[in-house]
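The values are calculated or read from the model by the stated rules, or taken from the named source; none is laboratory data. Quantities reported herein were computed from a predicted structural model and do not represent experimental measurements. Backbone-built Cβ (ideal geometry, glycine too); neighbour counts: all protein chains shown. Each accessible area value is taken on the protein alone, full model and side chains, heavy atoms only, with ligands, DNA and RNA left out. Shrake-Rupley method; radii C 1.70, N 1.55, O 1.52, S 1.80 Å.
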Amino acid sequence: MTTYYSKITGWGMYVPERVLTNHDLAQMVDTSDEWIVTRTGIRERHIAADGEATVSMALKASEKALEVAGITAADLDLIIFASSTPDYLCPPASSLLQDRLGATKAGAMVLVAGCSGFVYGLVTASQFIQTGLYQHILVVGTEKLSWAVDWSDRNTCVLFGDGAGAVIVSRSLEPGGLISARLGSEGAEGDALIVPAIGSIEPLTPEKIERNEHKIRMDGRRIFKFATQVMVDAVVDVVSAAGLTINDIDLIIPHQANERIIDLAVRRLGVDRSKVLINIDRYGNTSAASVPLALCEALDQGRIQPGDRIVMVAFGAGLTYAACLWEWQGAETREEPILVSNWPISETLRERLQQMRVAAWRAQTEARAKLSDATMAVMLPLYTFRKGVKKRLGK
Ligand code: ACO
């Protein structure tokens, strides 16, 4: 039986022209550039123009991806559209995009998994490819979060931005592509990020609109704690499932929600920061568009080379999380199998050594995470106490 591999053959991104800086936001709510930069790493974000919506942004990113792949929309077998901010509840954004692209033979579906949606989509697409069923699949992550944000709530409005990122996943005989994946969900934590008033549970009333219940509500601290934990666990899972350690990874592309979340996760993993893509300063949190925007930038900057192993990892509304390990294929087909090592030892012994190496790294990462949790448990009450004293003294 033929073995098929998934291969990213095209990519494209789009962000709206309009830039909203932290200084602009400071004119709208009680915040400052200094607070936003130090607490989140965000300096500016892009905001959709009037008349610009999720599907129109996705269209631009998808057209670029098709062009890079050298195929037309008519070649697409499937469209997977990751988004939580569709143009309409019905019809699905995926079908609107399929029509506007002219993807006449493609099936189309929306994938809603919050900010993890694009990684979920990439893993889903790879299954259709690896079984041999499909040849070309468009996976697109797009959000118009400026529509979903309560612009009077400083806890959330400083975080989000609009944008679109797309890839073409194609069937290939060249080894590589998706190596391992971890998809997860902790539904019990769902109310940490919720739009309470839109949905079938209760009718939307003028009173609810008045209270801005049709906009995003978020418990930032709860998500922060969840995110740092699941990002580390999911990365460890996909890396060790591939029989590798973190040192074998060339680039980590994390969901861009908060630079502090990324920093903490990276420290716990013991990864050199130069191996982590961070672009949150220019885009903010674009939810399902965040990972593909970062991937596109990494590719356009030449930060990904054939043979590189990349980990993409995200978390988001649900609360969901997802990670995948992707090996980047080059243009040429490899005819010779790659030898992991040329030591004159038996294959079994080599495998055992590799398993020991992976187990040692896993234990090291877990210990580092426990230590950093313990440090936070001691420091947080001290910090809160100091803040309380300062408040009472009126400083
Ligand atoms: N400007 C100034 N002050 C602010 C702002 C702001 N924009 N927002 C909150 N504050 C204040 C708070 O009111 C609070 O004041 P108080 O101490 O007087 O009560 C103080 O700053 C500290 O607030 P914290 O919530 O403790 O701030 P923290 O350091 O936790 O940062 C943040 C908040 C940035 C939201 C952080 O918790 C975070 O990033 N959490 C994760 C959020 C996230 O990832 N969400 C999306 C996930 S899903 C998806 O990506 C769609």
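Miscellaneous remarks
- Taking 0.36 nm per residue of sequence separation and removing the Cα-Cα distance, the THR72/TRP35 pair yields an extension gain of 8.8 nm.
- 10 °C / 1.306 mPa s Stokes-Einstein diffusion coefficient of segment 1-81, Kirkwood radius on C-alpha pairs, µm²/s: 100 µm²/s
- Net charge over other residues, Cβ less than 14 angstrom from the Cβ of THR124 (K, R count +1; D, E count -1): 0
- Along principal axes, Cα extents of segment 181-379, largest first, whole Å: 74, 44, 31
- For the chain, the relative contact order comes to 21 percent (Cα pairs under 8 Å, sequence separation of at least 6).
- For segment 141-245, diffusion coefficient by Stokes-Einstein and Kirkwood Rh (Cα), 20 °C, 1.002 mPa s, µm²/s: 124 µm²/s
- 10 Å beta-carbon shell around VAL15, net charge (K/R +1, D/E -1): +2
- Dipole check for the chain: with +1 at the C-beta of Lys and Arg, -1 at the C-beta of Asp and Glu, and the Cα centre as origin, the magnitude is about 1560 Debye.
- Choice from VAL236, VAL29, VAL266 with maximal GNM fluctuation in the chain (Cα, 10 Å cutoff): VAL29
- At a probe radius of 1.4 angstrom, the accessible area of the chain per residue rounds to 48 square angstrom.
- Segment 219-334 gives an Rg/Rh value of 0.96, both radii derived from C-alpha positions and Rh following Kirkwood.
- Estimated FRET transfer efficiency (ALA49, ASP373; beta-carbon r; R0 30 Å; 0.05): 0.10
- Dimensions in Å of segment 114-161 - Rg and Dmax from alpha carbons: 16.1, 50
- With every protein chain in place, segment 212-270: carbon and sulfur % of accessible area (1.4 Å): 44 percent
- Compactness check for segment 20-156: Cα Rg over 2.2 N^0.38 Å is 1.23.
- Both radii were evaluated on the Cα set of segment 89-205; the Rg over Rh quotient, with Rh as the Kirkwood radius, amounts to 1.01.
- Within segment 147-253, the GluC sites (Glu not before Pro) that combine a DSSP coil assignment with at most 15 other C-beta atoms in a 10 angstrom radius are GLU186.
- Computed [θ] at 222 nm, deg cm²/dmol, the chain (DSSP H ≥ 4; -39,500 (n - 2.57); rounded to nearest 500): -12500 deg cm²/dmol
- Using the alpha-carbon positions of the chain, Rg (one decimal) and Dmax (whole number) come out as 21.8, 75 Å.
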